[in-house]
1. Considering (1) on the phi < 0 side of the Ramachandran plot; (2) surrounded by 22 or more Cβ atoms within 10 Å (Cβ to Cβ), say which one His211 fails and leave the rest.
2. Working only within the range 91-103, note down all residues that are near the ligand (Cβ under 6 Å from one of its atoms) and open to solvent by 50 Å² or more (accessible area, probe 1.4 Å).
3. Based on what the data block shows, is Ala375 open to solvent by 50 Å² or more (accessible area, probe 1.4 Å) and not in a loop (DSSP other than H, G, I, E, B)?
4. Let me confirm something: among Ala64, Ala54, Ala75, which residue is within 12 Å of the ligand (Cβ to nearest atom), outside any loop (DSSP other than H, G, I, E, B) and buried (at least 22 other Cβ atoms within 10 Å of the Cβ)?
5. Output the residues belonging to the range 127-169 that are open to solvent by 60 Å² or more (accessible area, probe 1.4 Å), part of a helix (DSSP H, G or I) and not aliphatic (A, V, I, L, M).
6. Spot the failing condition for Val253; the list is (1) within 12 Å of the ligand (Cβ to nearest atom); (2) out of contact with any Lys or Arg (no Cβ under 8 Å at 6 or more places or on another chain); (3) not small (Gly, Ala, Ser), and only one is missed.
7. Among the residues of the range 180-193, are any surrounded by fewer than 21 Cβ atoms within 10 Å (Cβ to Cβ), touching a Phe, Trp or Tyr at 6+ places or on another chain (Cβ under 9 Å) and in a helix (DSSP H, G or I)?
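The values are calculated or read from the model by the stated rules, or taken from the named source; none is laboratory data. In this text, all values refer to a predicted model and were calculated from it rather than measured experimentally. Counting neighbours? That spans all protein chains shown, and the Cβs are built from the backbone with ideal geometry, glycine included. Quick note on the areas: whole protein, heavy atoms, side chains included, nothing else; ligands and nucleic acids left out. Shrake-Rupley method; radii C 1.70, N 1.55, O 1.52, S 1.80 Å.
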Amino acid sequence: MDALPQADGRAGLAALEAQVARDLALIAYPEPEWVPPRRSASGERVLDVLVVGAGQGGLVTLFALRRDRITNILAIDRKPEGMEGPWRDFARMRTLRSWKTVTGPDLDIPSLTFQSWFEAQWGARAFAALDKIAKDTWADYLAWYRRVLDLPVRNGVELVALAPQPEGLAATLLEAGRERKLLARKLVLATGIETPGRWWMPDFVAALPRHLRAHTAEPIDFAALAGRHVAVLGAGASAFDNAATALEHGARVTLCCRRPALQRVQPYKQISFAGFFRGFPHLPDAQRWRWMNHLLSIREAFPRETWERTTRHAAFTLRTGTPWTGARAEGDRVVIETPAGPLVADFVICGTGFEMDVSALPALAEHAPLIATWADRYTPPPGEENPRLGRFPYLSQSFAFTERVPGTAPWLADVHLFTFGATVSFGPSGSSINAMKFAATRLAQAIAADLFAADAEAHYQALLAYDTPEFTLPGEA
Ligand SMILES: Cc1cc2nc3c(=O)[nH]c(=O)nc-3n(C[C@H](O)[C@H](O)[C@H](O)COP(=O)(O)OP(=O)(O)OC[C@H]3O[C@@H](n4cnc5c(N)ncnc54)[C@H](O)[C@@H]3O)c2cc1C
């Protein structure tokens with residue numbers, strides 16, 4: 001990269017940070033904080049919004065709320081600062097798959113965009129020369145975003161349980177081995193793309209000894225795979241990223257997928273337009289189901305660079321139309337059954353994604369029977385059945401869970417889901433950079449509306465009591 005000297009980069013960033021402050025001041029209207037403080041019976045201030053997860057989704061939620069002057073908020077993340085999300089963890093691609101001009105966390109403030117941050121340090125020429133955003137650079141940008149906006153985040157804190165109480169939602173938090181309770185009026189789950197659900201692999205692979213298999217979302221000792229034969233299952237981006245990483249560490253890799261041909265068309269590009277993002281959540285259930293059944297069945301294509309990174313290795317073999325039907329350990333090797341005969345490997349990696357299950361998030365597990373899924377609310381016509389879609393939660397227009405049986409858990413209206421789990425209800429929304437600026441704004445607006453409605457009488461009384469004259473009459477003090 002055509003990098004500027006470090007000192008210029010620091011000066012550029014300082015100037016940008018001044019610009020951010022000015023931009024925020026210019027759009028500060030309306031300025032008053034307006035959410036009346038609530039106190040618990042013991043006199044503690046109840047948090048207005050607790051955001052669980054401080055990845056990109058949690059951070060943008062904090063910012064969107066604060067722009068509406070909802071400031072009594074906090075995000076928690078169980079990971080250490082800087083390690084949130086997949087970027088410095090199990091994301092094994094070199095660059096983001098989304099293109100470099102996609103904006104999101106900035107919420108349309110130019111000085112907060114990735115491009116402004118990047119150009120401030122390395123210049124416009126370097127940005128023009130950039131192909132896609134390196135994943136670590138994206139993580140650095142998110143760290144800067146959190147710092148420059150001074151977003152309230154506590155790391156090393158995990159939500160482990162949730163219980164409704166008359167004063168709000170009681171969140172049980174685990175911090176440094178100790179549990180404590182925190183009361184919040186609203187909870188936003190920005191807990192990651194696989195939630196509320198779990199990373200999934202076929203049962204017969206999960207049953208193998210752990211030293212012989214891994215999911216792409218797990219830590220893998222790639223150095224130990226040098227000179228070994230690795231079998232990868234799946235045809236998505238993560239399967240290919242893990243195959244490429246194994247190849248780069250000197251492994252021989254066979255990647256198998258059920259599909260007869262790879263998905264090379266990226267359907268998400270076709271729906272990345274404002275009308276879709278704004279209008280999709282308002283479509284009738286039948287239409288939302290039809291669209292998402294199509295989208296989530298054909299799945300995403302991976303980008304050209306992922307393909308080239310993998311296929312340039314002579315030690316790579318692609319076997320499409322080759323599902324795995326079973327697997328067993330034989331000594332220190334794995335024998336995989338396929339319709340074309342057995343495949344023997346030293347290690348197995350599953351790039352098989354995740355499956356939705358509201359009970360998989362420990363804090364929700366005991367409440368899962370109360371939560372409506374799409375299967376509870378909608379019966380698709382013949383030909384459109386899809387049990388995978390049916391497991392997605394059926395969300396309200398404010399991203400909140402809904403009750404399976406009306407009247408049994410009204411408090412679910414205060415638990416908002418901002419993850420991939422929102423996709424059947426909203427289309428790409430949570431856990432999506434492309435949809436972020438639309439979805440985060442919609443979420444914050446809904447929370448603002450709910451908080452206002454809950455206190456509408458107090459706000460009305462405040463209006464009646466309001467008696468500040470615009471000017472004084474002669475003789476008045
Ligand atoms: C490998 C990979 C590559 C991706 N690449 C791209 C890409 O190139 N372009 C794109 O647009 N999208 C991409 N995505 C999709 C999406 O952008 C990412 O998943 C992104 O990280 C989603 O952000 P998030 O904030 O929803 O979740 P995350 O970034 O995963 O953050 C969730 C956070 O919640 C925390 N958390 C979870 N449970 C708890 C709890 N109980 N208590 C406290 N904290 C908790 C976690 O520690 C985590 O830090 C990718 C996803 C993956 C998995």
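1. Only one criterion in (1) on the phi < 0 side of the Ramachandran plot; (2) surrounded by 22 or more Cβ atoms within 10 Å (Cβ to Cβ) is unmet by His211, namely (2).
2. Arg97, the sole residue that qualifies.
3. For Ala375, the condition - open to solvent by 50 Å² or more (accessible area, probe 1.4 Å) and not in a loop (DSSP other than H, G, I, E, B) - is met.
4. Answer to the selection: Ala75.
5. Asp136, Asp140, Arg147
6. That leaves (1) as the condition not met.
7. no
To keep it simple, each residue is scored yes or no on (1) on the phi < 0 side of the Ramachandran plot; (2) in a helix (DSSP H, G or I); (3) open to solvent by less than 10 Å² (accessible area, probe 1.4 Å).
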| position | (1), (2), (3) |
| --- | --- |
| Pro380 | yes, no, no |
| Gly383 | no, no, no |
| Thr408 | yes, no, no |
| Ala422 | yes, yes, yes |
| Ser425 | yes, yes, yes |
| Ile433 | yes, no, no |
| Ala444 | yes, yes, yes |
| Ala449 | yes, yes, no |
